[in-house]
Amino acid sequence: YHVKNFRPQFLVLSGAPSSRPRLANFMSDISKGYGVMMCGQIIRDKYKVDQYMSENHILIANKIKAFHVPISAPTFRIGVRNLLQTNGLGVIKANTVILGYKHSWSKEAPHLVD
């Protein structure tokens, strides 16, 4: 890719867009409407996936051009791996992964930060 035709395509591990709207807004500002942004959410309970399918209205209300991608997985690491392997559509695949941190990550036990 050349600098002139590079388009960032973000996979933002934000959870539900309603839980971290600032991260979604920030990444939308960086992309400036070019490329694709996907807000990935890992759900550890496979029966709760349907509850999070209506999160697209948050993105539309904030005028963020993005897709909400909920995925069910037993652990966070497996969920991230599955998102990385299955994201995108054809050549529209994420070339940049953004991870949002917890506010209290330095005070939490290592197994709770995951």
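The values are calculated or read from the model by the stated rules, or taken from the named source; none is laboratory data. The structure displayed is predicted, hence computed values, not measured ones. Neighbour counts run over all protein chains shown; Cβ positions are idealised from the backbone, glycine included. To get the accessible areas, we keep the full protein, side chains included, count just its heavy atoms, and leave off ligands, DNA and RNA. Shrake-Rupley method; radii C 1.70, N 1.55, O 1.52, S 1.80 Å.
Along the Cα-to-Cβ line of residue 63, 7 Å from the Cα, sits a label point; which residues in the stretch 3-40 have backbone N less than 17 Å from it?
22, 24-34
May I ask you to evaluate 6.51 cos²θ - 1.76 cosθ + 1.60, the Karplus curve with θ = phi - 60°, for each residue of the stretch 10-23 and list the ³J(HN,Hα) values in order in whole Hz, giving x for glycine and proline?
With the stated coefficients, the stretch 10-23 comes to 9, 10, 9, 7, 9, x, 5, x, 6, 7, 9, x, 5, 5 Hz.
Too long at a 32 Å Cα-Cα cut-off: which of 4/63; 63/107; 4/107?
Beyond 32 Å: 63/107; 4/107.
If the chain between residue 92 and residue 19 were fully stretched, how many nm would it gain, using 0.36 nm times the residue separation less the Cα-Cα distance?
Here the answer is 23.7 nm.
To the nearest 10 square angstrom, how much accessible area does residue 55 have with a 1.4 angstrom probe?
For residue 55, solvent-accessible area is about 20 Å².
Of the listed peptides 78-89, 30-41, what is their order by residue-averaged count of other C-beta atoms within 10 Å, with the highest listed first?
30-41, 78-89
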